[in-house]
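A.B. asks: Here it is: the structure, laid out below.
The values are calculated or read from the model by the stated rules, or taken from the named source; none is laboratory data. All values reported here derive from a predicted model rather than from experimental measurement. A quick note on method: Cβ atoms are made from the backbone with ideal geometry, for glycine too, and the neighbour counts reach across all protein chains shown.
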Amino acid sequence: MSAPTEERYTFQAEVVQLLDLMIHSLYSNKEIFLREVISNASDAIDRFRFAKLTEAELADESDESLEIRVAYDKDARTITISDNGIGMSRQEVMDNIGTIAKSGTREFFQALTGDQRKDATLIGQFGVGFYSSFIVADRVTLTTRRAGLAASDGVRWESDGRGDYSLEPVERAERGTEIVLHLREEEDDFLNSHRLRTIIQKYSDHISLPILMAQERTAAGGDDEPGEDAVVNRASALWARPKSEISEADYNEFYKHVAHDFADPLTHLHSKMEGTYEYTLLLFVPANAPFDLWMPEARHGVKLHVQRVFIMDDTGQLMPNYLRFVRGVIDSADLPLNVSREILQSSRVVDSIRSSAVKKVLRLLKDLAEKEPDKYATFWKEFGDVLKEGVAEDYSNRDDIAKLLRFTTTKSAADTADTSLEDYVGRMKEGQEKIYYLLAPSPAAAKSSPHLEIFRKKGIEVILLGEAIDNWLITSLPDFEGKRLQSVAQGVSDLGAMEDEEEKEASEKAGTELVGLVERLKTALGDKVTDVRTTNRLTTSPACIVADEPDIEMNLARRMRGSGLPSQPVLEINPEHALVRRLDRETDEQRLSDWAHVLYSQSVLTLGARIDEPAAFVERLNDLLMTLAEEKAE
Ligand code: ADP
Ligand code: MG
């Protein structure tokens, strides 16, 4: 008979890089390895409990004494952590330990700077996980067997955390996973009962499963038999405890466990509801956006529990998409333990929990904005663009979400999004009826748009929108507190009400004077534009393009066409501008036509849009410059 074969595999290149980074950057916080390994054990038991409810093959598996054990051996210099959770098959070991399957891995590695301090923060955002065991161990042995498989399907994984690992089939009577950490030379401190207990209590007290450790052998006992196992942590679900007994540190550690995050959360809410339905919410807003926030497969972060038993991760039933960054636990007393996704989708209990959870989160954000504006600014920077989706997605809460929005405006300090719609309305000028915004393909294009000229001159604030999501946002937000949102690049400039008599007369006069030029430009431009007209919206630019269609259509058209150009562009010219005055005196129709096209192309460019024939534009412009140069020389 041949002996069971051991095979060697090399780590994915990223794993090697990650390990190296971790060992060097988390050196000052080594003890977190225990939190990570216990957190995985707890997840594995949660998953076992749920699998037993749903997978018929697991019906015979016992779900009694689900627990995590921590032991150490001074002579062998090892720490052993074991659980009777779901365990892993050989394939699962290969997929989960040895590769990094997490979405966002590529982004993570691209974000690395080489600066150890910065990278240490990044690694925290990415989540440290299993590999953190190599901070204290120079060899890790993991033995596991998936629940439901035969005893002969056990597998042993071992690695020194450098370049490769070995896999070997083993006999394993019990399901679950055992991890043996062979400590590095200098890590003997951890071979100490008191030390390990302290770490467990510090980081894992909130774990709802018992974590057992052998009792310290007393000197009097004197023998070499290990003492009886005792529960080290409180082993009760944190969210089920009275708030008064939970410290800020408890909440933070619990957050790190559920969110797989390394940093403290920004804020949290904890409330027990007892109305038609009974449920508890413990929800957190992270301080940093996860790497997969914008990926289609981005994980939702709320874990559904029924009477303290983990049931499943949310896939959109508990939190809407625009709140996908919320992490935490919802525990219902009314759902059946064997609830399936299908039942969740059509459950009245879930509907009711969801709508109250959403309201509570929005309320939490509102309070944060009022009481801790600095934290809210962080929140907005990380998650603002996600929250914007809510304006379109959640009609029933639209007004509350709108109040949470923050914008950069022409009055903002630098480029910060520091203005709420309420701030804007509070600063509106006398006689101003609308909320003005400028939608451009990028924030930079928005800031330098000629459409802002008249508003700058009159001191009227304009909201600058330049993010991809802003198109959707503005389409779904026609008004705020009875004030219409109006694009400054759309329709005839409607600042009429705010002009004084002199200005009105001047612009009417200019209009009549330039009737001829307007007609000639129209002929020259043909169907490039739907109209040409004079405007009072410009002060320093000769011309600009505005959209003739209503806002919504313009936004849709832009999105569809992708060129950034409205589907019904109107060329507006500035009667005060020297170039326009000069054109009015132009007698050569060919030259007038060249000028018309140059003005048009310039205006398209300042819109932040693309011009159709850049080469033709450059050629025309150069021809005109040449003629001007020749005229000068004559
Ligand atoms: P994360 O916990 O964030 O997924 P980890 O690096 O901590 O990342 O763990 C990687 C994966 O390894 C886990 O997602 C899980 O699939 C598997 N794993 C780790 N520890 C255990 C365990 N004790 N039992 C079963 N699976 C485990
Ligand atoms: Mg983990």
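A.B. asks: Of these, Lys403, Lys375, Lys371, which one is at negative phi, among the charged types (D, E, K, R) and more than 22 Å from the chain's Cα centre (by Cα)?
C.D. replies: Lys371
A.B. asks: Shifting gears a bit: Being modelled with pLDDT of 90 or more, basic (Lys, Arg) and closer than 20 Å to Ile45 by Cβ is the requirement here; does Lys272 meet it?
C.D. replies: Criteria not met by Lys272.
A.B. asks: All but one of (1) in contact with a strand residue (DSSP E or B) (Cβ under 6 Å, 6 or more places away or on another chain); (2) closer than 25 Å to Val136 by Cα; (3) modelled with pLDDT under 85; (4) more than 16 Å from ligand 2 (Cβ to nearest atom) hold for Ile23; state the number of the condition that does not hold.
C.D. replies: Condition (1) is where Ile23 drops out.
A.B. asks: Now for a separate question. Can you pull out the residues in the stretch 261-285 that are assigned to a loop (DSSP other than H, G, I, E, B) and either in contact with a strand residue (DSSP E or B) (Cβ under 6 Å, 6 or more places away or on another chain) or buried (at least 20 other Cβ atoms within 10 Å of the Cβ) (or both)?
C.D. replies: Scanning the stretch 261-285 gives Asp261, Phe262, Pro265, Leu266.
A.B. asks: If you don't mind, there's one more thing I want to ask. Please go through the stretch 23-72 and give me each residue that is away from ligand 1 (no atom under 12 Å from the Cβ) and of a type in the set (A, V, I, L, M, F, W, C), ordered by number.
C.D. replies: Ile23, Leu26, Leu34, Phe50, Leu53, Ala56, Leu58, Ala59, Leu66, Val70, Ala71
A.B. asks: Can you tell me which residues in the stretch 406-436 are closer than 19 Å to Asp374 by Cβ and in a loop (DSSP other than H, G, I, E, B)?
C.D. replies: Arg406, Ser412, Ala413, Ala414, Asp415, Thr416, Ala417, Asp418, Ser420
A.B. asks: Tally up the residues in the stretch 501-534 that are over 15 Å from Ser593 (Cβ atoms), assigned to a helix (DSSP H, G or I) and in contact with a Lys or Arg (Cβ under 9 Å, 6 or more places away or on another chain), please.
C.D. replies: Number of matching residues: 1.
A.B. asks: Let me ask something else. Looking only at the stretch 40-50, filter to residues that are of a type outside the set (D, E, K, R) and at pLDDT 90 or above; which one of those is nearest to ligand 2 (Cβ to nearest atom)?
C.D. replies: Asn40
A.B. asks: It is to be established whether one or more residues within the stretch 314-329 are of a type in the set (A, V, I, L, M), surrounded by fewer than 21 Cβ atoms within 10 Å (Cβ to Cβ), outside the structural domain of Phe48 (by TED's automatic domain parsing) and in a strand (DSSP E or B).
C.D. replies: no
A.B. asks: Additional query: State yes or no: is Ser356 in contact with a strand residue (DSSP E or B) (Cβ under 9 Å, 6 or more places away or on another chain), within 27 Å of Tyr279 (Cβ to Cβ) and either among the hydroxyl-bearing types (Ser, Thr, Tyr) or assigned by TED's automatic domain parsing to the domain that holds Gly459 (or both)?
C.D. replies: yes
A.B. asks: Let me ask something else about it. Out of the residues in the stretch 224-251 that are buried (at least 17 other Cβ atoms within 10 Å of the Cβ) and in contact with a Pro (Cβ under 9 Å, 6 or more places away or on another chain), which is farthest from Arg197 (Cα to Cα)?
C.D. replies: Tyr251
A.B. asks: Let me ask something additional. Scan the stretch 232-255 for residues that are assigned to a helix (DSSP H, G or I), of a type in the set (A, V, I, L, M, F, W, C) and over 18 Å from His305 (Cβ atoms) and report the count.
C.D. replies: 1
A.B. asks: Test each condition in (1) modelled with pLDDT of 75 or more; (2) within 15 Å of ligand 2 (Cβ to nearest atom); (3) at positive phi for Val140 and report the one that comes out false.
C.D. replies: Of (1) modelled with pLDDT of 75 or more; (2) within 15 Å of ligand 2 (Cβ to nearest atom); (3) at positive phi, only one is false for Val140: (3).
A.B. asks: Ok, one more. Does any residue in the stretch 33-55 that is in the same structural domain as Ser208 (by TED's automatic domain parsing) come within less than 6 Å, Cβ to Cβ, of a residue that is outside any helix (DSSP H, G or I) and near ligand 2 (Cβ under 9 Å from one of its atoms) six or more places away or on a different chain, and which pairs are these?
C.D. replies: From the stretch 33-55, the pairs are Glu36/Val128.
A.B. asks: Here is a further query. Working only within the stretch 135-184, note down all residues that are farther than 30 Å from Ser62 by Cβ, free of Cβ contacts under 8 Å to residues at least 60 places away in the same chain and outside any strand (DSSP E or B).
C.D. replies: Asp160, Arg184 - these are the residues of the stretch 135-184 that are farther than 30 Å from Ser62 by Cβ, free of Cβ contacts under 8 Å to residues at least 60 places away in the same chain and outside any strand (DSSP E or B).
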